[in-house]
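Undergrad: Can you keep this structure in mind? I'll have questions shortly.
The values are calculated or read from the model by the stated rules, or taken from the named source; none is laboratory data. The shown structure was predicted, so the numbers you read here are calculated from the model rather than taken from an experiment. Cβ coordinates were reconstructed from backbone atoms using ideal geometry, including for glycine residues, and neighbour counts include every protein chain displayed. When the accessible area is computed, the model is the full protein with side chains, heavy atoms only, and any ligands, DNA or RNA have been set aside. Shrake-Rupley method; radii C 1.70, N 1.55, O 1.52, S 1.80 Å.
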Amino acid sequence: MTDPSKIIIELESNNSRLFKESVIEKNLHNEEFQEGLSMCLDPLITFGVKQVPESKEKTNHLSWKEFKEKINLLVDREKTGHAARDLIIELMKRSSGDQWNNWYRRILIKDLRCGVSQKTVNNVAKRMNLDFSIPVFSCMLAHDGAKHPKKIIGECLVEYKYDELIDALEKLSAAIKKIDEETKTRFKNSFDAVNARIKEVFPKLFGGGFAELSLTENDTLNAGVVLMARPPGKKNTSISQLSGGEKALTALALVFSIFELNPAPFCMLDEVDAPLDDENTVRFINLVSEMSSKVQFIFVTHNKISMEKSTHLLGVTMRDLGVSKVVSVDVEQAMELTQS
């Protein structure tokens, strides 16, 4: 029985349609060749792979039975992604170069590259009175007769693919709906937690007043978030009417409220007290001191009140001209030394 890879090489040797049909007719009784043609040319059979490497092996040989058993794992989607790639590499290593490059590989890439189409194979099979044909998608538009067998085959293929598409769309819609519902639930829980916390933090920083979050519309996933903040004694209608220090404190209240939702081991603040006056700085430092039992705060500051409330100081000094030196001070230890 002729090796199918040699049949493919023979088919490539001449572009004549009659020549190709004669070669196919001579070999169509070859079971491996017939099954390989079906796998390659049948549009319903897919392997889920895009790139298949060529082989340089010379001595190995992989039987058609083993190859067919393995690639059925690809057809049934039991092997996908990296597993499919590893399977293809394994098959390539077990095949000879000619066997792989001229036959097995061309089946996997769904392209024999020898000028043979479904129509050519079907013409030969019909002439040989073989009970064998390969479905052709284009047939459904090729004839006007409503009962034409080829047209019916084409319509069945389209219906099959349509059902597959509808099933995939339904699964995708269900997945999106589930993700949306879970996202809404998690967002609502987080939003309520932050809102409750900012109502507590804001009065601590301002010595009164209130702040709250609200949504611009009922659609949770597409709504915007509005922050309304009113310091004590003010009747502002928007945050833009607040002073620079008040805006900074309002921002800190929101940041701390979000931070407490999922706190980290430490928090770094860079010059956040710069726009604050002394009274607001004291309130800010008191809140930091309260939270420092759970979170370690590291902040960059030039504010003397913030420095006084710190437990450790790390600064840069220049005792000699042009020579900088890092100085570290344990404030609590320094206080004990001064008192002793």
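Okay, residues lined up against (1) more than 39 Å from the chain's Cα centre (by Cα); (2) at pLDDT 85 or above:
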site	(1), (2)
ILE107	no, yes
GLY115	yes, yes
PHE137	no, no
LYS150	yes, no
ILE166	no, no
GLU170	no, yes
LYS178	no, yes
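Undergrad: Is there a residue being touching a helix residue (DSSP H, G or I) at 6+ places or on another chain (Cβ under 8 Å), closer than 30 Å to ASN286 by Cα and either of a type in the set (Lys, Arg) or surrounded by 10 or more Cβ atoms within 10 Å (Cβ to Cβ) (or both) anywhere in the range 173-190?
TA: The initial filter retains those residues of the range 173-190 that are touching a helix residue (DSSP H, G or I) at 6+ places or on another chain (Cβ under 8 Å), namely none.
Scanning the range 173-190, I find no residue that is touching a helix residue (DSSP H, G or I) at 6+ places or on another chain (Cβ under 8 Å), closer than 30 Å to ASN286 by Cα and either of a type in the set (Lys, Arg) or surrounded by 10 or more Cβ atoms within 10 Å (Cβ to Cβ) (or both), so the answer is no.
Undergrad: Between PRO232, PRO203, PRO263, which is assigned to a loop (DSSP other than H, G, I, E, B), modelled with pLDDT of 85 or more and under 28 Å from GLU308 (Cβ atoms)?
TA: On the way: PRO203 fails: assigned to a loop (DSSP other than H, G, I, E, B); PRO263 fails: modelled with pLDDT of 85 or more.
Result of the check over PRO232, PRO203, PRO263: PRO232.
Undergrad: Take the range 58-74 and flag every residue that is open to solvent by less than 50 Å² (accessible area, probe 1.4 Å) and touching a residue at least 12 places away in the same chain (Cβ under 8 Å). Steps first, please.
TA: Quick first cut of the range 58-74, residues open to solvent by less than 50 Å² (accessible area, probe 1.4 Å) only: 62-64, 67, 71, 73-74.
If the condition is that a residue be open to solvent by less than 50 Å² (accessible area, probe 1.4 Å) and touching a residue at least 12 places away in the same chain (Cβ under 8 Å), then LEU62, TRP64, PHE67, ILE71, LEU73, LEU74 are the ones that fit.
Undergrad: Ok, one more. Looking at (1) touching a residue at least 40 places away in the same chain (Cβ under 8 Å); (2) closer than 25 Å to LYS294 by Cα; (3) open to solvent by 40 Å² or more (accessible area, probe 1.4 Å), which is the one condition that is false for LEU221?
TA: The single condition LEU221 does not satisfy is (2).
Undergrad: Let me ask another. Considering only residues that are within 15 Å of ALA253 (Cα to Cα) and of a type in the set (Asp, Glu), look in the range 193-218 and name the one that is most open to solvent (accessible area, probe 1.4 Å).
TA: At the first step, the residues of the range 193-218 found to be within 15 Å of ALA253 (Cα to Cα) are 193-213.
From what's left, of a type in the set (Asp, Glu): 200, 212.
Working: GLU200: 98, GLU212: 73 Å².
Filtering the range 193-218 for residues that are within 15 Å of ALA253 (Cα to Cα) and of a type in the set (Asp, Glu), the one most open to solvent (accessible area, probe 1.4 Å) comes out as GLU200.
Undergrad: Here's a follow-up. Can you tell me which condition SER95 does not meet? The list is (1) surrounded by fewer than 19 Cβ atoms within 10 Å (Cβ to Cβ); (2) farther than 30 Å from LYS126 by Cα, and all the others hold.
TA: The one condition SER95 does not meet is (1).
Undergrad: Of all residues in the range 224-247, how many are under 33 Å from the mean Cα position of the chain (by Cα) and surrounded by 15 or more Cβ atoms within 10 Å (Cβ to Cβ)? Steps first, please.
TA: Applying the first criterion (under 33 Å from the mean Cα position of the chain (by Cα)) to the range 224-247 yields 224-227.
From what is left, the residues that are surrounded by 15 or more Cβ atoms within 10 Å (Cβ to Cβ) are 227.
Qualifying residue count for the region: 1.
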